[in-house]
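Participant: I'd like to ask some things about the structure below.
The values are calculated or read from the model by the stated rules, or taken from the named source; none is laboratory data. The structure displayed is predicted, hence computed values, not measured ones. Don't worry about glycine lacking a Cβ; one is built from the backbone with ideal geometry, like all the others, and counts go over all protein chains shown. When the accessible area is computed, the model is the full protein with side chains, heavy atoms only, and any ligands, DNA or RNA have been set aside. Shrake-Rupley method; radii C 1.70, N 1.55, O 1.52, S 1.80 Å.
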Amino acid sequence: MARMVEFFYGIGSRYSYLASSQMEQLERDTGATVRWRPLYSGALMKRRGMDPFEGPPASGQYEPAYRTRDVTRWADYYGIPFHDPGWDALDWQRLALAAVAADRLGGVVSFTKHLYDAVFGTGVAPKTDAKLARIADGSGLDGQNVVRLIDDAETQERHDRNIADALAAGVFGVPSFVVEGELFWGNDRLVLLRRHLGAR
(Lines give C-alpha, C1' and ligand atoms only; values in the text may rest on other atoms or scores of the structure.)
Protein backbone atom coordinates (compact mmCIF):
# COMPACT_ATOMS: atom_id res chain seq x y z
CA MET A 1 0.00 0.00 0.00
CA ALA A 2 1.38 3.41 -1.00
CA ARG A 3 2.42 5.70 1.82
CA MET A 4 0.38 8.90 2.07
CA VAL A 5 1.97 12.34 2.24
CA GLU A 6 -0.35 15.12 3.36
CA PHE A 7 0.80 18.28 1.53
CA PHE A 8 -0.50 21.38 3.31
CA TYR A 9 0.08 24.45 1.17
CA GLY A 10 -1.01 28.04 0.65
CA ILE A 11 -1.76 29.69 -2.69
CA GLY A 12 -0.09 32.89 -1.48
CA SER A 13 3.06 31.03 -0.39
CA ARG A 14 6.05 31.29 -2.70
CA TYR A 15 7.66 28.32 -1.01
CA SER A 16 4.50 26.25 -1.50
CA TYR A 17 4.71 27.09 -5.20
CA LEU A 18 8.28 25.82 -5.27
CA ALA A 19 7.41 22.62 -3.42
CA SER A 20 4.38 21.94 -5.61
CA SER A 21 6.65 21.67 -8.63
CA GLN A 22 8.40 18.69 -7.03
CA MET A 23 5.40 16.59 -6.01
CA GLU A 24 5.11 14.48 -9.16
CA GLN A 25 8.80 13.57 -9.03
CA LEU A 26 8.47 12.77 -5.32
CA GLU A 27 5.67 10.32 -6.11
CA ARG A 28 7.66 8.71 -8.91
CA ASP A 29 10.81 8.34 -6.86
CA THR A 30 9.23 7.09 -3.64
CA GLY A 31 6.02 5.35 -4.64
CA ALA A 32 4.18 7.57 -2.16
CA THR A 33 0.85 9.26 -2.85
CA VAL A 34 0.62 12.99 -2.23
CA ARG A 35 -2.68 14.40 -0.98
CA TRP A 36 -2.93 18.11 -1.76
CA ARG A 37 -4.52 20.09 1.12
CA PRO A 38 -4.95 23.79 0.23
CA LEU A 39 -5.51 26.38 2.93
CA TYR A 40 -5.28 30.09 3.57
CA SER A 41 -2.09 30.45 5.57
CA GLY A 42 -3.30 33.69 7.18
CA ALA A 43 -6.12 31.72 8.80
CA LEU A 44 -3.67 29.04 9.91
CA MET A 45 -1.46 31.66 11.58
CA LYS A 46 -4.47 33.29 13.23
CA ARG A 47 -5.62 29.97 14.67
CA ARG A 48 -2.08 29.34 15.96
CA GLY A 49 -1.97 32.78 17.55
CA MET A 50 1.45 33.49 16.04
CA ASP A 51 2.17 35.21 12.73
CA PRO A 52 5.81 35.95 11.79
CA PHE A 53 4.59 38.26 9.03
CA GLU A 54 2.86 40.68 11.40
CA GLY A 55 4.94 43.62 12.58
CA PRO A 56 8.65 44.05 11.85
CA PRO A 57 10.41 40.98 10.38
CA ALA A 58 11.40 38.62 13.17
CA SER A 59 14.69 37.92 11.36
CA GLY A 60 16.40 38.49 8.04
CA GLN A 61 14.71 35.33 6.80
CA TYR A 62 11.42 37.25 6.70
CA GLU A 63 12.71 40.37 4.96
CA PRO A 64 10.75 40.61 1.67
CA ALA A 65 13.81 41.40 -0.45
CA TYR A 66 15.72 38.43 0.90
CA ARG A 67 12.77 36.07 0.42
CA THR A 68 12.46 37.15 -3.20
CA ARG A 69 16.16 36.47 -3.82
CA ASP A 70 15.93 33.12 -2.06
CA VAL A 71 12.85 31.98 -3.99
CA THR A 72 14.39 33.16 -7.27
CA ARG A 73 17.43 30.98 -6.58
CA TRP A 74 15.27 27.97 -5.77
CA ALA A 75 13.14 28.51 -8.88
CA ASP A 76 16.30 28.65 -10.99
CA TYR A 77 17.51 25.43 -9.33
CA TYR A 78 14.19 23.71 -10.11
CA GLY A 79 14.08 25.14 -13.62
CA ILE A 80 10.73 26.89 -13.17
CA PRO A 81 9.75 30.54 -13.68
CA PHE A 82 9.14 32.93 -10.81
CA HIS A 83 7.60 36.38 -10.64
CA ASP A 84 6.52 38.24 -7.53
CA PRO A 85 2.79 38.96 -7.80
CA GLY A 86 1.05 42.13 -6.73
CA TRP A 87 0.68 40.95 -3.15
CA ASP A 88 -1.80 43.57 -1.95
CA ALA A 89 -3.98 43.38 -5.06
CA LEU A 90 -5.07 39.78 -4.54
CA ASP A 91 -7.65 38.14 -2.30
CA TRP A 92 -5.50 35.24 -1.08
CA GLN A 93 -8.24 33.71 1.03
CA ARG A 94 -10.58 33.58 -1.96
CA LEU A 95 -7.91 31.95 -4.08
CA ALA A 96 -7.34 29.35 -1.36
CA LEU A 97 -11.07 28.64 -1.19
CA ALA A 98 -11.11 28.26 -4.98
CA ALA A 99 -8.50 25.51 -4.62
CA VAL A 100 -10.67 23.83 -1.98
CA ALA A 101 -13.63 24.10 -4.37
CA ALA A 102 -11.50 22.45 -7.06
CA ASP A 103 -10.72 19.68 -4.58
CA ARG A 104 -14.44 19.09 -4.15
CA LEU A 105 -14.67 18.63 -7.91
CA GLY A 106 -11.74 16.21 -8.05
CA GLY A 107 -9.33 18.56 -9.81
CA VAL A 108 -7.25 20.17 -7.08
CA VAL A 109 -3.84 19.19 -8.48
CA SER A 110 -4.38 20.45 -12.02
CA PHE A 111 -6.19 23.57 -10.82
CA THR A 112 -3.50 24.43 -8.29
CA LYS A 113 -0.77 24.05 -10.91
CA HIS A 114 -2.61 26.33 -13.33
CA LEU A 115 -3.31 28.85 -10.58
CA TYR A 116 0.30 28.83 -9.39
CA ASP A 117 1.43 29.34 -12.98
CA ALA A 118 -0.72 32.47 -13.16
CA VAL A 119 0.25 33.78 -9.73
CA PHE A 120 3.99 33.04 -9.67
CA GLY A 121 4.91 31.64 -13.09
CA THR A 122 3.72 34.47 -15.30
CA GLY A 123 2.94 37.03 -12.62
CA VAL A 124 -0.52 37.62 -14.11
CA ALA A 125 -2.62 36.56 -11.14
CA PRO A 126 -6.44 36.52 -11.32
CA LYS A 127 -7.99 39.58 -9.66
CA THR A 128 -11.57 38.79 -10.67
CA ASP A 129 -13.80 35.75 -10.53
CA ALA A 130 -14.05 35.80 -14.33
CA LYS A 131 -10.29 35.38 -14.68
CA LEU A 132 -10.29 32.75 -11.95
CA ALA A 133 -12.98 30.85 -13.86
CA ARG A 134 -10.84 30.92 -17.02
CA ILE A 135 -7.94 29.40 -15.10
CA ALA A 136 -10.26 26.67 -13.80
CA ASP A 137 -11.50 26.04 -17.36
CA GLY A 138 -7.91 25.67 -18.50
CA SER A 139 -7.27 23.11 -15.77
CA GLY A 140 -10.10 20.91 -17.02
CA LEU A 141 -12.80 22.01 -14.59
CA ASP A 142 -16.01 23.96 -15.11
CA GLY A 143 -14.82 27.44 -14.16
CA GLN A 144 -18.26 28.82 -13.36
CA ASN A 145 -18.90 25.89 -11.06
CA VAL A 146 -15.59 26.44 -9.24
CA VAL A 147 -16.42 30.12 -8.69
CA ARG A 148 -19.94 29.23 -7.53
CA LEU A 149 -18.58 26.78 -4.96
CA ILE A 150 -16.13 29.29 -3.44
CA ASP A 151 -18.89 30.78 -1.28
CA ASP A 152 -20.62 27.48 -0.57
CA ALA A 153 -20.76 26.46 3.10
CA GLU A 154 -19.26 23.02 2.43
CA THR A 155 -16.20 24.64 0.85
CA GLN A 156 -15.62 26.70 3.98
CA GLU A 157 -16.13 23.60 6.12
CA ARG A 158 -13.54 21.68 4.10
CA HIS A 159 -11.12 24.58 4.37
CA ASP A 160 -11.65 24.70 8.14
CA ARG A 161 -11.03 20.94 8.27
CA ASN A 162 -7.77 21.33 6.36
CA ILE A 163 -6.62 23.90 8.91
CA ALA A 164 -7.79 21.79 11.86
CA ASP A 165 -6.00 18.72 10.48
CA ALA A 166 -2.85 20.75 9.87
CA LEU A 167 -2.82 22.11 13.40
CA ALA A 168 -3.51 18.67 14.86
CA ALA A 169 -0.45 17.39 12.99
CA GLY A 170 1.71 20.17 14.42
CA VAL A 171 1.84 22.27 11.25
CA PHE A 172 2.95 25.85 11.94
CA GLY A 173 3.53 27.11 8.41
CA VAL A 174 3.39 26.17 4.74
CA PRO A 175 4.41 24.22 2.87
CA SER A 176 4.30 21.31 5.29
CA PHE A 177 4.35 17.59 4.67
CA VAL A 178 2.98 15.03 7.10
CA VAL A 179 3.60 11.32 6.67
CA GLU A 180 2.83 8.71 9.32
CA GLY A 181 2.82 11.36 12.04
CA GLU A 182 6.15 12.87 10.97
CA LEU A 183 6.16 16.58 10.08
CA PHE A 184 8.50 18.16 7.54
CA TRP A 185 8.21 21.93 7.11
CA GLY A 186 9.46 23.93 4.18
CA ASN A 187 10.49 23.48 0.59
CA ASP A 188 14.08 23.00 1.73
CA ARG A 189 13.06 19.98 3.87
CA LEU A 190 11.98 18.02 0.80
CA VAL A 191 15.38 16.35 0.76
CA LEU A 192 14.70 15.02 4.27
CA LEU A 193 11.19 13.94 3.32
CA ARG A 194 12.60 12.05 0.34
CA ARG A 195 15.11 10.32 2.61
CA HIS A 196 12.36 9.43 5.08
CA LEU A 197 10.32 7.89 2.25
CA GLY A 198 13.35 6.00 0.96
CA ALA A 199 13.60 7.71 -2.42
CA ARG A 200 15.08 5.49 -5.09
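Participant: Under the Karplus relation 6.51 cos²θ - 1.76 cosθ + 1.60, θ = phi - 60°, what is the ordered set of whole-Hz ³J(HN,Hα) values for the stretch 111-128, x standing for Gly and Pro?
Facilitator: Coupling constants for the stretch 111-128: 4, 4, 4, 5, 5, 4, 4, 6, 6, 10, x, 9, x, 10, 6, x, 9, 10 Hz.
Participant: Under a crude label model (7 Å from the Cα following the beta-carbon direction), how far is residue 192 from residue 172 in nanometres?
Facilitator: 1.2 nm
Participant: So what is the accessible area of the stretch 110-188 per residue, in Å², with the probe set to 1.4 Å?
Facilitator: 45 Å²
Participant: Now for a different question. Provide the FRET efficiency to the nearest 0.05 for the residue 46-residue 2 pair, computing r from the beta carbons and using R0 = 41 Å.
Facilitator: Using R0 = 41 Å, I get an efficiency of 0.75.
Participant: With all protein chains present, how much of the accessible area of the stretch 125-200 (probe radius 1.4 Å) comes from carbon and sulfur, to the nearest whole percent?
Facilitator: 47 percent
Participant: Okay, next question. Checking the cross-link filter: which lysines have an alpha carbon closer than 19 Å to that of residue 113, excluding same-chain neighbours under 8 positions apart?
Facilitator: Within reach: 127, 131.
Participant: Kindly work out what percent of the DSSP beta bridges joining two residues of the chain are antiparallel, to the nearest 5.
Facilitator: 50 percent
Participant: Compute the FRET efficiency between residue 69 and residue 131 as 1/(1 + (r/R0)^6), taking r as their Cβ-Cβ distance and R0 = 30 Å, and round to the nearest 0.05.
Facilitator: 0.55
Participant: Report, by chain and number, residues whose modeled amide H sits under 5 Å from the one on residue 35, excluding near sequence neighbours (fewer than 5 apart, same chain).
Facilitator: 5, 6, 7
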